[in-house]
Amino acid sequence: MNRETQAVGLDIGTSKVRCIIGEPSDGGVMNIIGVGQADSRGLRRGIVTTTDAVAESIKKAVETAERMSGVEIQIATVNLSCEHLQGENKSGVVAVAGVGREITTEDVERAVQSASAMQLPAGWKIVDRLPQEFIIDGQDGIVEPIGMHGARLESRVHILTSPSAGGQNMVKAIHRAGLEIENMMLEPLAAANSTLSDDDKEYGCALVNIGAEITSLMIFGRGAVQHTTVFPFGGMHFTKDIAVGLRVSIPEAERIKHHYGCVAGFLFKGEERQEIIEITPVGRQETRQLSKEILCDIMQPRAVELLQHVAHEVFGSGNQISSGVVLTGGGSLNRGMVEIAEQVFDAPTR
Ligand SMILES: Nc1ncnc2c1ncn2[C@@H]1O[C@H](COP(=O)(O)OP(=O)(O)O)[C@@H](O)[C@H]1O
Ligand SMILES: [Mg+2]
């Protein structure tokens, strides 16, 4: 593969592994020339449980994308998420030395490093350092300190940590699938980069990525990440509720959810509430009938509960979300999710 001309993204989610190959075209836009996906195996809530199974899923997704595009890939930017990701805000300070005291790239790196000097639980490591602001000789709110004058440089940094073994096992699985890693990107950050505007990040907003087994929350404000939490629930919980409530298999519950699911009863218009859907209970040949309203009665409380957990975390963090809530991930595709989130967060949601 020619690395100058192609970009490859690999998204290792809890439900699907997806691969996408892009090629730059005129006007600085990217042409998508290949996509592939495979069911995600060997992962539980983003943690590798069987390396070979994960490698197999990656291979399948990559091969499909390669066939479609006609290019062979060796290297990819990888999008990762895991249940145990944690964010913390830290600060550090360094003295700026040198003639004229102009702040250099090295000074900034030292200031960020000094904020990351923290006690980590055994087996944990720092996965990303996201600078929030710099303070030069007491002057706060500085975004780009390089080249400025000053003697004392403070940094405020959002530090993301996770168990190091999880990352190593993931790297091993990717290598075993025959790929090199160009760059690693945390899923909520990737989702934020593709959906949030600079204003959203400046005025404050909550990005909620609802995957299959985990939901990640990233709160932005003053142009930077202020808070990160990952919850051990997601779209799969709706599927399980439907499977138990209607005595159907998981694949049948998934089908019902995608085709007829709704988490907000007030969206039904006229007769739709009573519309009949056909389902096939476990171990039966014949179908059974039920109304859309009954399905909604199963799903709605779960949506409210899930979003209330997230909202509780947002309000507890003390951050303002003037730009509202942005839902991403497959779990946000449930009909009515945006409307319920709007009520639960009491904030504009999209
Ligand atoms: N149209 C849809 N309606 C409702 N749920 C959906 C829809 N499409 C996908 N989902 C759900 O989204 C989840 C997968 O989301 P995704 O963001 O791909 O997860 P991950 O990143 O964890 O692999 C699954 O629980 C799936 O059932
Ligand atoms: Mg995902």
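The values are calculated or read from the model by the stated rules, or taken from the named source; none is laboratory data. In this text, all values refer to a predicted model and were calculated from it rather than measured experimentally. Methodologically, a virtual Cβ is constructed for each residue, glycine included, from the backbone with ideal geometry; neighbour enumeration extends over all protein chains shown. These accessible areas exclude ligands, DNA and RNA; they are computed on the full protein's heavy atoms, side chains included. Shrake-Rupley method; radii C 1.70, N 1.55, O 1.52, S 1.80 Å.
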Original post:
Can you give the angle from 0 to 90° between the axis of helix 235-246 and the longest principal axis of the chain, with both taken from C-alpha atoms, to the nearest 10?
Top reply: 20
**OP:** State the dimensionless ratio Rg/Rh of the chain (Rg: radius of gyration of Cα atoms; Rh: Kirkwood radius).
**Re:** 1.02
Subject >> Where only alpha carbons of region 123-234 are counted, the Rg and the Dmax (Å) >> reply: 16.8, 50
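Please quote Rg/Rh for region 196-350 to two decimal places, taking the Kirkwood radius as Rh and restricting both calculations to Cα atoms. Please report the intermediate quantities before stating the final value.
Values: Rg = 17.1 Å, Rh = 16.3 Å.
Taking Rh as the inverse mean 1/r over Cα pairs, Rg/Rh reads 1.05.
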Subject >> Listed residue (Ala243, Met184, Phe134) projecting farthest to the positive dipole end of the chain, Cβ model >> reply: Ala243
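With only Lys, Arg, Asp and Glu charged, each at its Cβ (+1 for the first two, -1 for the last two), find how big the charge dipole of region 82-196 is about the Cα centre; round to the nearest 20 debye. Please report the intermediate quantities before stating the final value.
Working: 9 positive and 15 negative charges, 78 e Å.
That gives region 82-196 a dipole magnitude of about 380 debye.
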Original post:
What residue among Val230, Val96, Val17 has the largest mean-square fluctuation in a Gaussian network model of the chain, using Cα springs under 10 Å?
Top reply: Val96
**OP:** Please tell me the relative contact order of the chain in percent, rounded to the nearest whole number, where contacts are Cα pairs under 8 Å and at least six residues apart.
**Re:** 14
**OP:** Using amide H atoms built 1.01 Å from N in the peptide plane, name the residues 5+ places from Glu102, or on other chains, whose amide H lies under 5 Å from its own.
**Re:** none
Original post:
Of Gly46, Gly336, Gly147, which is the most mobile in a GNM of the chain whose springs link Cα atoms less than 10 angstrom apart?
Top reply: Gly147
**OP:** Please turn the phi angles of region 44-50 into ³J(HN,Hα) values with the Karplus equation 6.51 cos²θ - 1.76 cosθ + 1.60 (θ = phi - 60°), one per residue in order, whole Hz, x for glycine and proline.
**Re:** 10, 6, x, 9, 5, 10, 9
Original post:
Which sequence of Arg152, Arg273 reflects their accessible areas, 1.4 Å probe, from the largest down?
Top reply: Arg152, Arg273
Original post:
GluC sites (Glu not before Pro) within region 1-109: which are DSSP loop residues with at most 15 other Cβ atoms inside 10 Å?
Top reply: Glu4, Glu72
Original post:
Taking the chain as a Gaussian network, where each spring joins two C-alpha atoms under 10 Å apart, which residue of Pro301, Pro121, Pro131 fluctuates the most?
Top reply: Pro121
**OP:** Rounded to the nearest 10 degrees, what's the angle between the helix 105-115 long axis and the longest principal axis of the chain, both from Cα atoms, 0 to 90?
**Re:** 60
Subject >> Per residue convex hull volume, Cα atoms of region 233-272, in Å³ >> reply: 80
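I want the local charge near Lys292. Using Cβ-Cβ distances under 15 Å, sum +1 for each Lys or Arg and -1 for each Asp or Glu among the other residues.
Values: positive: Arg255, Lys257, Lys269, Arg273, Arg288, Arg335; negative: Glu271, Glu272, Glu275, Glu278, Glu293, Asp297.
Counting the neighbours of Lys292, the net charge comes to 0.
Going by accessible area, probe 1.4 Å, with all protein chains left in place, what is the ranking of Arg302, Arg176, largest first? Let's see the in-between values first.
Numbers: Arg302 60, Arg176 115 Å².
Output order, biggest surface exposure first: Arg176, Arg302.
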**OP:** Assign unit charges at the C-beta atoms only (+1 for Lys and Arg, -1 for Asp and Glu), then state the dipole size of the chain relative to its Cα centre in Debye, rounded to the nearest 20.
**Re:** 1020
Original post:
Among all the aspartates and glutamates, which ones have a C-alpha under 13 Å from Lys240's C-alpha, if same-chain residues fewer than 8 places away are not counted?
Top reply: Glu213, Glu252, Glu254
**OP:** Pop out the ³J(HN,Hα) list for region 295-308 in order, Karplus 6.51 cos²θ - 1.76 cosθ + 1.60 with θ = phi - 60°, rounded to Hz; leave Gly and Pro as x.
**Re:** 4, 5, 5, 6, 7, 4, x, 5, 5, 4, 4, 4, 6, 5
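Within the set Lys125/Lys257; Lys16/Lys201; Lys59/Lys257; Lys59/Lys125, which residue pairs have Cα atoms separated by over 31 Å? Could the numbers behind the result be given before it?
Working: Lys125/Lys257 38 Å; Lys16/Lys201 28 Å; Lys59/Lys257 29 Å; Lys59/Lys125 28 Å.
Those over the limit are Lys125/Lys257.
Write down the Å³ per residue value for the convex hull defined by the alpha carbon atoms of region 1-153. Mind dumping the intermediate values first?
On the way: hull volume 26.1 nm³, N = 153.
Value for region 1-153: 171 Å³ per residue.
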Original post:
Which value, in Å², gives the accessible area per residue of the chain when a 1.4 Å probe is used on the protein heavy atoms?
Top reply: 50
Original post:
Between the helical axis of 164-176 and the dominant principal axis of the chain, each derived from Cα atoms, what acute angle in degrees is found, rounded to the nearest 10?
Top reply: 70
**OP:** Determine the sum of side-chain charges near Ser162: Lys and Arg each +1, Asp and Glu each -1, restricted to other residues whose C-beta is under 11 angstrom from that of Ser162.
**Re:** -1
Original post:
Could you give me the ³J(HN,Hα) list for region 142-157, computed from phi with Karplus coefficients 6.51, -1.76, 1.60 and θ = phi - 60°, whole Hz, x at Gly and Pro?
Top reply: 8, 9, 10, x, 4, x, 7, 9, x, 10, 10, 10, 9, 10, 10, 9
**OP:** Report in % the part of the accessible area of region 196-350 that belongs to carbon and sulfur, leaving out ligands and nucleic acids; probe 1.4 Å.
**Re:** 49
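Report the net charge of residues surrounding Val127, where surrounding means a beta-carbon distance below 13 angstrom and charges are Lys +1, Arg +1, Asp -1, Glu -1. The partial results should precede the final answer.
Values: positive: Lys125, Arg129; negative: Glu88, Asp128, Glu187.
Result for the local shell: -1.
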Subject >> Cα convex hull of region 86-163, projected area averaged across orientations, nm² >> reply: 4.9
Subject >> Amide H contacts of Val127 (H built 1.01 Å from N, under 5 Å, at least 5 apart or other chain) >> reply: Leu160, Thr161, Ser162
